[in-house]
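So the structure is just underneath, and the comments pick up after that.
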Amino acid sequence: MSSNLFFPDNRGRYDRVQQLSNNIGTVKGLCAQSYTRISTQAGHIDEIRDKMMKKSGFKTIQELSDSIAATLPDSERDQYLNLMKALQDTDVFLGNASSVLTCVLGIAGGLRFFTGNARLVISVCGEGIFRAEFARGFKLFATGQLQEGTRVMRGVARWARQHYQFLGELTSKTARAVRVLRIFNTVLEFVAKWAAIHDFFCDRFSVQMQFDQFKQTEALYTAWYAMASSYDTVNSDDDDNIGLTPEQKAKILNKQGQTYMNDHEKNLASITDAVVWEECATYDRLTAGVYHGDDPNLAEVQRFLAEQAQKNPDEITAAGTK
């Protein structure tokens, strides 16, 4: 890029674009690393799910899924089945996405140790898996596989929108749907264009927020693996477990599971626009003499994000993927 060609009147604008571009590139790399760690935990969970199925006599994931569905009240069953329908789209999701869901929900015979919170548990699972799979697409994009990465991200965003629409959470603007779709659609908009300082700035903000959420998704998958490991332990043939009833085993997992879910909700809620804004400002302060004349303020960034949240991801086409 030539500073004279694109910014003949102000070299500072060129330098600012370069700084924001470099920062975006750095965060893209961190996002890719984050997905690698998520994928590792998903693989561990998949292994424990295989052991769970063998011990319980299930020969297929569908048999395990049917057993889980049978434990749920009608509304939660519909929520679960709609989520499973999305995850079984193998053109978008990896096979271990549904494996993770069935493993987490299959622990302790479904959701007995989350009594009264089945809908919330399934919602947390769906949000975590949608974000993990979106991270996979983002890693593909960030590592040069632009078309495949964009295709995966668009597919995940489309299924997430359909799922939240099925739950009636789009019109009510629930925090969970907004938290997922606002950033998904903003990142997809970032993929689709490469423009002026205002847009670079907003893109950097949204990618930073996505990375912060990826980090929490990492923690969630780590917690799920720990919970699955605990399930594996209490259902082993060790002397300490002989004589334990299913209810006693479920009680052992209850406190652990509730703690993980509460921590996840609290940590995600802490990723606010103001917090991400300060993270970006901290990076900017590391570079002296940067031109800030075209930087949008927080309110302008929030308006940009709100505009992206209203877009249908099917209408966003990345450059070169038409």
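List the trypsin sites (Lys or Arg not before Pro) within the stretch 5-95 that fall in a DSSP loop (any state other than H, G, I, E or B) and whose Cβ has at most 13 other Cβ atoms within 10 Å.
LYS59
Separation of the stretch 125-177 and the stretch 53-106 by C-alpha centroid, Å?
19 Å
Using the Karplus curve 6.51 cos²θ - 1.76 cosθ + 1.60 with θ = phi - 60°, work out ³J(HN,Hα) for each residue of the stretch 29-38 in order, rounded to whole Hz, and write x for Gly and Pro.
Per residue, the Karplus-derived 3J(HN,Hα) values read x, 5, 4, 4, 5, 4, 5, 4, 5, 4 Hz.
Using a ≥ b ≥ c from the Cα gyration tensor of the stretch 32-155 (square roots of the eigenvalues), is it rounded, prolate or oblate, where a/c under 1.5 gives rounded and otherwise the larger of a/b and b/c decides, a/b for prolate?
It is prolate, given that a/c is not under 1.5 and a/b is the larger ratio.
What FRET efficiency comes out for SER39 versus ARG11 if R0 is 30 angstrom and r is the Cβ-Cβ distance? Round to the nearest 0.05.
0.10
Run the quick spin-label model on SER75 and ALA306: label points 7 Å from Cα toward the beta carbon, then report their separation in nm to one decimal.
3.0 nm
If the limit is 26 Å between Cα atoms, which of LYS51/LYS85; LYS173/LYS255; LYS54/LYS85 go over it?
LYS173/LYS255
With a 1.4 Å probe and all protein chains left in place, how much of the accessible area of the stretch 116-191 comes from carbon and sulfur atoms, in whole percent?
53 percent
Roughly how many nanometres apart are two label points built 7 Å out from the Cα toward the Cβ at SER229 and SER270?
Between SER229 and SER270, the simple spin-label model gives 2.2 nm.
Say each of SER172 and THR143 gets a label point 7 Å from the Cα, pointing the same way as Cα to Cβ; how far apart are those two points in nm?
3.9 nm
Computed FRET efficiency, Cβ-Cβ of SER21 and ASP91, R0 51 Å: what is it to the nearest 0.05?
Taking R0 as 51 Å, the efficiency between SER21 and ASP91 is 0.95.
Shape call for the stretch 42-114 from the C-alpha gyration tensor, a ≥ b ≥ c root eigenvalues: rounded (a/c under 1.5), prolate (a/b greater than b/c) or oblate?
Taking the square roots of the gyration eigenvalues as a ≥ b ≥ c, the stretch 42-114 is oblate.
Taking θ as phi - 60°, what are the ³J(HN,Hα) couplings along the stretch 140-149 by the Karplus curve (6.51, -1.76, 1.60), each to the nearest whole Hz, with x for Gly and Pro?
3J(HN,Hα) across the stretch 140-149, in whole Hz: 4, 4, 5, 9, x, 8, 4, 5, 5, x.
The values are calculated or read from the model by the stated rules, or taken from the named source; none is laboratory data. None of the values given here were measured: they were computed from a predicted structure. A quick note on method: Cβ atoms are made from the backbone with ideal geometry, for glycine too, and the neighbour counts reach across all protein chains shown. Heads up: the accessible areas ignore ligands, DNA and RNA and are worked out on the full protein's heavy atoms, side chains in. Shrake-Rupley method; radii C 1.70, N 1.55, O 1.52, S 1.80 Å.
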